[in-house]
Structures are given as C-alpha cells and as structure tokens.
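Derivation of every value follows stated rules applied to the coordinates shown; laboratory data play no part. What you see is a predicted model; the values in this text were computed from it and never measured. No Cβ is skipped: glycine too gets one built from the backbone with ideal geometry, and neighbour counts run over all protein chains shown.
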Amino acid sequence: MSIPTLPRPGGIPSELETAPDRTPAAGIPTVSGQLGVRRPDVDVVIIGAGPYGLSVAAHLSAAGVSVQVLGRPMSYWRDHMPRGMLLRSSWEASHIADPGRAHTLDAYERQLATAIGRPIPLDRFVDYGLWFAGRLVPGIDTSMATRVERDGLGFRVVLENGDALQAGRVVVATGLDGFAHIPVVFASISPEQVIHASDLVDPNRLSGRQVAVIGGGQSALETAALIHEAGAAVRVLTRASRLRWLRRSQRLHGQQGLARRLLYPPTDVGPPGLNQIVARPPLWRQLPGPLGARVAYRCIRPAGAGWLVERLAGVPLETGRTVESAEERPDGLRLVLEDGSHLDVEHVVLATGYRVDVGRLPFLGPELLSRLRRPTGYPHLRGGFESSVPGLHFVGAASALSWGPVMRFVSGTTFTARALTEAVIRSGIPAAR
Ligand SMILES: Cc1cc2nc3c(=O)[nH]c(=O)nc-3n(C[C@H](O)[C@H](O)[C@H](O)COP(=O)(O)OP(=O)(O)OC[C@H]3O[C@@H](n4cnc5c(N)ncnc54)[C@H](O)[C@@H]3O)c2cc1C
C-alpha cells in the first residue's frame, strides 16, 4: 500500500522531484501504536526542537523537503537552565538561523515592541525560540522519540505513545540532553545533595543553604551568582589555577564595518584570529587533528562573562581546589580536598559540564550503534552532518568534533542548517545506500 507523503510547499527544487521513489516497500511497518492512528511518512524526522532542530527544519521545509519535528520546543532551555540566567552569547551570535534571515532576534524585538535586555535574559530567548517555531516550523509533534531503527527505505522512528513514523532520513538534534557529566567522586551521592547544574532550574530552592559549586566556567560562575542572590551561602571550587573572565573591550567591540567583521565574526566564538577560523567550519576541519583540538579548546575554554564579576563580590572563589572524596552525613556532605582539609556543606552543585557520547542516547538501538563510527563518543560526520549510517545526521554539540566548536552554540545554526539542507537536496531522500 502506498502511504501518502505530506504536501510539499511550492518551489520544490528539481533535484527533489527526481529523488528516488519514496513509496514504502511492502511489509514495512509504517504504522503502529496503541491508538492505531495512521501517520503519513515524511522525508526527514528531526528529533529535538531546540535552536538546531528548529533551524534545520525551517531550512529543509523552505527547500520543499517534508519534515516532522519531534520534541517540546526549547524545552532544554526551559527545564535545564537556571531561572534568571542571562545568555553569555552576544546578541548577534544568538539568532536562530532561518532561510530568509527574517526571523532574527531583531525581528522578534520589533514585533514585541519592547526592548530585550543585553545580555539576553533566558526567558526572552525561550520566547524567541517559541516565536520562531510558531512561524517557521508548524506541526511540531511534542512526543519524545523512543526508538530509531533502520528499515528497508530509511528509518522507523517510534514515539513515546507507541506510534511510529517512517522517514527517509533522521536528524538527531538533541543537544546536551543526557550528557551531563558527574565526576566519579560524586557518583554515589544522592541527587538531593549533589545536583548537576542542568537540574537546578530554580535557584531559590537552595535559599538559606550552604552550597559548594564545583567548576570554573560560565555555568559555575553564573549559577553561583544566582544561588548567592537567592540567599544561599555559596563558595566556588575549581581545579584551575585561576579564573578567566571574558571582558569586552569597548574600543574593539565598538569598531564598525570591515574592522568589526575582521575582529569579530558574527559567530562570536573564540578570540580574535582564531574566531575567524572556527567561524568557517570547513576551514577548521582542514587543521590537523591535534591542532584543530587545540584551537577548539582555546575557543571554548572555561571562562565567565565579565558582567558576573560584580555579582560574585562576596562569594569565595577558590582556585586550585580538587575534591578528592565526598561523604554523605546526616546534615549534608563532607568534601575532602586535595590538601587533606575538609569542607562541610549541605549541597554541591556540579557545573562540571557535559560529555557527548551518542552511545548513551536511549533511542539509538544496538543495530544502529554498531554501524555508527564514534570512537570518542562523538559521531564521525561527513558533509551534510551525515554519520557513517547513511541518512542519519547529527547536529549541534554532537557535531563539534567533526565541524568545530561553533557547533556548541546557537550561532552554529547558520552553517549547519544550510550545509545539511544542501546535502539532503543533492543526495536525495532516502539516503543512497
Ligand atoms: C547553562 C547553559 C547556558 C548556555 N548558554 C548559551 C548561550 O548563551 N549561547 C549559546 O549559543 N549557547 C548556549 N548554551 C549552549 C546551548 O545548549 C546550545 O547553544 C543550544 O541549546 C544548542 O541547541 P540544540 O538545538 O542543539 O539543543 P537544545 O536546545 O538542548 O535542544 C535539544 C532538544 O532535544 C530534546 N530531546 C532530547 N531527546 C529527545 C527525544 N528523544 N525526542 C524528542 N526530543 C528530544 C530536548 O528536550 C531539547 O529540547 C548554553 C548551554 C548551557 C547548558
């Protein structure tokens, strides 16, 4: 039986008109589910509705590719970032890329008719993402994907309610979800006492408590400021020998025209010079492996925004500190430090970052994982962000090893969405096997 594809918007590129036959082969399970609801198949299923999923969806749709996005829009920003957070990325590096360049933060601000603060407040950025989704990505299905499997033509994507979709390609755009890093010394402590920063949405929850924040980057420093402002007694412990602050030079940032573009490309990742390399992912990719890794690290090494310094006045910031062990006690935790001293606190907040390992994505089954080249946890991606499994793409943080550090930030959506869309149109749907 032939399954209808979604109607295509006008302006379909001729390459797509001549794409391989997408009629599912007999016997392919295109439909399942407790409710027995039939779903049409689509060219591309995008898992995740954060900035990357939304941007890729907007570009593919504009190119005439039928798309189904899964997941709650901007949910990571709503459910895993602390209320009151301000974005570290600059205004010009925080637009979610759209094909017509018409759905920028500026356009959203004009529509709001209210000035948005700089730095951008988290809740405003979430609203911007929802506005973007509402305008450019209709028909998002907020279900989670629970399983992705290959089938004869492409992929079968199973949703949490048991329904299934058949897709020619799948784009995994799940960001940092599931990759929070918990150092081994804290692994066995209860999550009530040791909280990863990605689980601390309401800083007021720690009001009046004694808290140690572990880490020395933006997340640690901003979380410490928010908890401090909520009335907790906070100290920051970092292994680094010193803290780094990102201060924007008024003189350099005040440049206009060519000078400005040379000093600071809009991606806004890395110091002048290196920022030009990483702003061009194909150029960064040409660097020999160890040099590419050094450049990437230099561009994203832990540092706090300069505007946090004042807010952290009164918060002890201890460098050169390593927690050797942690022991639960009736009234909190005892941390033993590198010099043998100990520190008693009620809670620890781990701003210890994320470790990308796509092997931990719960929806990728063993058969797919066995075919996925991912020696370090990151998938190896070729042009079009396609993995070693034809038709399976990864965008956002999971693509950073292949395409550079800009992929960890919203500003990487510009390159990603265009490159992926061009590749999909060039190679057809489903992917050639
Ligand atoms: C505290 C913090 C502050 C940050 N600040 C900035 C900043 O100022 N500027 C910046 O550019 N970047 C910032 N980042 C990085 C930011 O996470 C990325 O830039 C951005 O979120 C990447 O977008 P994404 O679409 O890849 O991921 P996300 O925005 O995380 O979206 C992924 C989505 O996938 C969903 N998902 C996961 N699994 C499934 C599933 N099985 N089915 C359906 N959906 C699923 C998730 O719920 C999530 O909504 C920050 C990160 C953190 C942790």
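Of note:
- Rounded if a/c under 1.5, otherwise prolate or oblate - the chain, Cα gyration tensor axes: prolate
- Annotation: amide H-H contacts under 5 Å for Tyr354 (H modelled 1.01 Å from N, sequence separation of 5 or more, or interchain): His181.
- Under 5 Å from the amide H of Met85 lie the amide H atoms of Leu122, each residue being 5 or more positions distant or on a separate chain, with H modelled from the backbone and absent for Pro and chain starts.
- Rounded to 0.05, the FRET efficiency of the Val309 and Arg239 pair, given R0 = 30 Å and the Cβ-Cβ distance, is 0.90.
- Fully extended contour minus Cα-Cα distance, from His253 to His181, at 0.36 nm per residue: 22.5 nm
- Folded to 0 to 90 degrees: helix 218-229 orientation relative to the chain principal axis, Cα: 60 degrees
- Compared with the dominant Cα axis of the chain, that is its longest principal axis, helix 289-300 is turned about 60°.
- Residue order, fewest to most beta carbons within 10 Å, for Tyr354, Tyr52, Tyr108: Tyr354, Tyr108, Tyr52
- Angle between the chain longest axis and helix 51-62 axis [Cα atoms, degrees, rounded to 10]: 20 degrees
- Estimated FRET transfer efficiency (Arg261, Arg83; beta-carbon r; R0 25 Å; 0.05): 0.10
- Backbone N under 13 Å from the Ser370 label point (7 Å along Cα→Cβ), restricted to region 135-171: 150
- Placed amide H near Gln210: partners under 5 Å, 5+ positions off or other chain: Ala233, Glu346, His347
- Here the gap between Arg72 and Thr146, fully extended at 0.36 nm per residue and compared with their Cα-Cα distance, gives a gain of 25.2 nm.
- Residue (of Asn275, Leu258, Gly292) at the positive-pole extreme of region 245-300, dipole from beta-carbon charges: Leu258
- Label-point separation, Ala62 to Arg209 (7 Å along Cα→Cβ), nm: 4.4 nm
- Distance between the modelled labels on Arg294 and Arg334, one decimal in nanometres: 4.5 nm (7 Å Cα→Cβ projection).
- Per-residue ³J(HN,Hα) for region 354-367, Karplus 6.51 cos²θ - 1.76 cosθ + 1.60, θ = phi - 60°, Hz, x for Gly and Pro: 9, 10, 5, 8, 5, x, 8, 6, x, 8, 8, x, x, 5
- Furthest towards positive pole of dipole, Ala423, Pro302, Gly208, structure part the chain, Cβ charges: Ala423
- Debye, to nearest 20: dipole size of the chain, +1 on Lys, Arg Cβ, -1 on Asp, Glu Cβ: 1380 debye
- Stretch in the chain that is longest and holds no GluC sites (Glu not before Pro) that DSSP places in a loop and that have at most 16 other beta carbons within 10 Å: 1-159
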